[in-house]
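What follows is a single structure, and I will ask about it in a moment.
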Amino acid sequence: MPALRTLTVQTSTPAIVRAARTMRTVWLVLWLWTAAWGVVAAIGGGYSWHYFADGARLLLQPGSPGAGLSLYAAHPELQIGPLALVVAIPFQQLGGTGRLLAELVLTAAGPGLIWVLARARRELLGRGPTPAELLVVGVLALPVWCQVATHYAHLDDVLALAIAALAVLALTSGRPYAAALALGLSVDSKPWAAGFAVLLVALPRRARRRALLLLGAVIAVAWLPFVIAAPQTLAMSRFTIDNVGSSALRALGVVTSGTPGWDRPAQLALGVGVGLVCVLRGRWPAAILAVVVARLLLDPQTYPYYSSGLLVAAVVADVVSTRRGLPAWTAAAAGWVVLDAASPTFMAAAQVGTLRAAYCLGVLALLVALPHSGTPWPRGLSAALQRSAATIVG
């Protein structure tokens with residue numbers, strides 16, 4: 001028996017070493033891939049950084065009109081969470097150099113986010129993604145990530161998505177309160193991330209109640225000071241943007257020129273509803289995808305950086321999963337992004353909107369219709385909740 005054990009170790013060690021070298025090579029390729037696309041996206045980069053620079057500057061001027069805790073009431077166009085503005089302060093203080101540094105840091109967060117999700121899969125399943133899986137999701141997702149991180153420098157979206165990935169890791173590691181804290185910080189970065197809270201449904205009842213209370217407290221600490229100082233801050237949720245001709249919202253028959261009053265609540269309700277189905281059917285990593293796709297479906301705008309959230313959500317659904325082989329959600333999302341970018345050259349705006357609506361409705365329908373998944377529940381989930389979920393979904 002000792003001889004057999006020695007032989008097993010000797011034969012397996014070279015394979016382990018080769019696998020480690022292959023994985024290091026994959027990571028090197030992904031970092032170089034990110035750098036290359038980051039250079040491309042840096043042409044005209046930092047397109048939206050002025051919003052963060054202005055918001056950070058106003059936040060540091062509490063005695064000025066329309067600044068300090070009154071900035072959201074005076075500037076509802078700053079649809080940016082307080083956490084993102086605080087994080088923007090040191091970059092804003094450095095002027096143009098700070099903008100370039102912010103682009104660099106945000107771009108580097110892309111491979112880091114994928115590493116976090118790979119770690120989450122290892123925590124959940126005892127094994128990480130294969131080198132091939134990791135390479136495919138990175139090659140497909142990182143060019144789109146460079147759009148939001150480098151070209152637009154949307155610090156709030158980057159923070160919301162990256163912190164949501166940390167919440168997924170916390171769930172798979174059996175740390176429900178760390179997950180709740182992360183989800184709260186995600187909302188503090190970008191309000192549309194509120195739908196990600198549906199992930200907490202996968203917790204045992206007592207932990208779920210406490211986690212939701214912690215989530216609410218984290219959100220309140222960031223937002224309540226602004227609401228108390230200037231109650232008009234609440235009106236920022238009603239800030240309207242143009243309902244463009246290529247939006248899925250127009251394709252669904254909503255032809256108002258701006259954002260309907262019911263639109264934002266409907267986005268949240270639809271995303272949480274489909275996300276809840278995902279959680280109860282054992283596809284809880286796909287809940288983030290449901291929230292993001294609901295936003296794309298009902299948003300009056302079609303900014304290219306919206307696609308970053310779609311790709312990240314698709315990577316979560318693919319990487320934190322028991323399924324092996326082609327990362328189907330990521331491949332489908334990347335294919336749609338390419339088609340959406342190219343379609344205005346040969347399709348009318350209304351047809352582009354119809355294409356967008358068809359894709360979003362198709363994804364949501366699949367998330368609802370797919371059978372129960374074998375993806376394990378987060379560590380610490382009670383057997384009672386698993387039984388109740390099985391009863392609800394049949």
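The values are calculated or read from the model by the stated rules, or taken from the named source; none is laboratory data. This structure is a prediction, so every number in the text was calculated from the model and none was measured. Here the Cβ positions follow ideal geometry from the backbone for every residue, glycine too, while neighbour counts run over all protein chains shown.
Have a look at 193, 160 and point out the one that is in contact with a Lys or Arg (Cβ under 6 Å, 6 or more places away or on another chain), under 20 Å from residue 77 (Cβ atoms) and either outside any loop (DSSP other than H, G, I, E, B) or modelled with pLDDT under 95 (or both).
Every option except 160 fails the conditions.
Same structure again: Of all helices (runs of 4 or more DSSP H) completely enclosed by the range 28-101, which ones contain at least 3 residues that are under 30 Å from residue 140 (Cα atoms)?
Correct list: 49-59, 82-93.
Listed here are the residues, each with its yes/no results for (1) farther than 25 Å from residue 148 by Cα; (2) modelled with pLDDT under 95; (3) among the β-branched types (Val, Ile, Thr).
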site	(1), (2), (3)
230	yes, yes, no
234	yes, yes, no
239	no, yes, no
256	yes, yes, yes
259	no, yes, yes
284	yes, yes, no
289	no, no, no
293	no, no, yes
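Say whether the condition of being part of a helix (DSSP H, G or I), crowded, with 19+ Cβ neighbours inside 10 Å, modelled with pLDDT of 95 or more and not aliphatic (A, V, I, L, M) is met by at least one residue in the range 102-109.
Looking through the range 102-109, at least one residue is part of a helix (DSSP H, G or I), crowded, with 19+ Cβ neighbours inside 10 Å, modelled with pLDDT of 95 or more and not aliphatic (A, V, I, L, M).
I need the full set of residues from the range 196-247 which are part of a helix (DSSP H, G or I) and of a type in the set (Ser, Thr, Tyr), in order please.
Residues satisfying the conditions are 233, 237.
Sticking with this structure for a sec: Within the range 149-195, which residues are more than 28 Å from residue 216 (Cβ to Cβ) and of a type outside the set (S, T, N, Q)?
Scanning the range 149-195 gives 149, 151, 152, 153.
Could I ask something else about it? Of the residues that sit in the range 155-178 and are without any contact (Cβ under 8 Å) to a residue 40 or more places away in the chain and among the aliphatic types (A, V, I, L, M), which one is surrounded by the most Cβ atoms within 10 Å (Cβ to Cβ)?
Among those residues, the one meeting the criterion is 167.
Being touching a helix residue (DSSP H, G or I) at 6+ places or on another chain (Cβ under 6 Å), touching a residue at least 24 places away in the same chain (Cβ under 8 Å) and farther than 19 Å from residue 191 by Cα is the filter here; which residues of the range 58-91 pass it?
Across the range 58-91, the qualifying residues are 89, 91.
Let me spell it out: the conditions are (1) of a type in the set (A, V, I, L, M); (2) surrounded by fewer than 17 Cβ atoms within 10 Å (Cβ to Cβ); (3) over 15 Å from residue 315 (Cα atoms), and residue 73 meets all of them except one. Which number is the exception?
Unmet condition: (2).
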